[in-house]
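Read the structure below first, then the notes.
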Amino acid sequence: MLLGEPSPSLAKINEMNMAKLEEKIAQLDVELERVAGKLERMKRNEPPPEDKIKSVGELLVRLNALKAYAVKRLEGKAERKKAWEEKQRQQGRM
């Protein structure tokens with residue numbers, strides 16, 4: 001669940017390895033820039049299309065939430081990898 005809705009994107013993020021997560025985060029950054037630009041252009045229209053602005057704003061919130069989740073997931077994987085490597089080094093010294 002993401003923002004109260006089922007999210008296939010979260011399931012995909014959960015299955016990604018570290019390299020894929022880094023790619024996904026970069027992809028989300030590009031998409032966030034694109035959507036933010038679109039939102040700004042829409043706000044400049046006269047009259048501004050309120051319904052479209054609302055939906056694009058919600059998309060922006062959703063993309064930010066996905067990015068935050070992917071970053072958190074990547075950090076967790078990096079910590080586990082570091083702990084595993086440290087454990088392997090310690091076992092090698094024994």
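The values are calculated or read from the model by the stated rules, or taken from the named source; none is laboratory data. Because the structure is a prediction, the values reported are computed rather than measured. Here the Cβ is made from the backbone with ideal geometry for all residues, glycine too, and neighbour counts use every protein chain on show. When the accessible area is computed, the model is the full protein with side chains, heavy atoms only, and any ligands, DNA or RNA have been set aside. Shrake-Rupley method; radii C 1.70, N 1.55, O 1.52, S 1.80 Å.
Could you look at the chain and say what percent of its accessible area is carbon and sulfur, using a 1.4 Å probe and all protein chains?
For the chain, the apolar C and S fraction of the accessible surface comes to 53 percent.
With a 1.4 Å probe and all protein chains kept in place, how much accessible area does Arg73 have, in Å² rounded to the nearest 10?
Counting only protein heavy atoms, Arg73 exposes about 70 Å² to solvent.
Choose one answer from Glu58, Glu23, Glu46: the residue with the largest mean-square fluctuation in a GNM of the chain with alpha-carbon springs under 10 Å.
Glu46
Net charge near Glu31: determine it from the other residues with C-beta under 11 Å of the C-beta of Glu31, scoring Lys and Arg +1 and Asp and Glu -1.
+3
Find how many whole Å separate the alpha carbon centroid of the stretch 27-51 from the alpha carbon centroid of the stretch 62-94.
Between the Cα centres of the stretch 62-94 and the stretch 27-51 lies a distance of 34 Å.
Is there a pair in Lys24/Lys87; Lys12/Lys82; Lys20/Lys81; Lys52/Lys72 whose C-alpha atoms are over 20 Å apart, and which pairs would that be?
Lys24/Lys87; Lys12/Lys82; Lys52/Lys72
Assuming 0.36 nm per residue, please report the length gained on full extension of the stretch Ser7 to Glu46 beyond their Cα-Cα distance.
The span from Ser7 to Glu46 would gain 10.6 nm if fully extended.
Which one of Ile13, Ile53, Ile25 has the biggest mean-square fluctuation once the chain is modelled by GNM with Cα springs under 10 Å?
Result for the chain, Cα springs under 10 Å: Ile53 fluctuates most.
Once a ≥ b ≥ c are taken as the square roots of the eigenvalues of the Cα gyration tensor of the chain, is the result rounded (a/c under 1.5), prolate (a/b larger than b/c) or oblate (a/b not larger than b/c)?
prolate
At q = 0.16, 0.26, 0.31 Å⁻¹, what log₁₀ I(q)/I(0) does the stretch 33-79 have when each alpha carbon counts as one equal point scatterer in the Debye sum?
-0.52, -0.87, -1.05
Measuring with a 1.4 Å probe in the full set of protein chains, what accessible area per residue, in whole Å², belongs to the chain?
76
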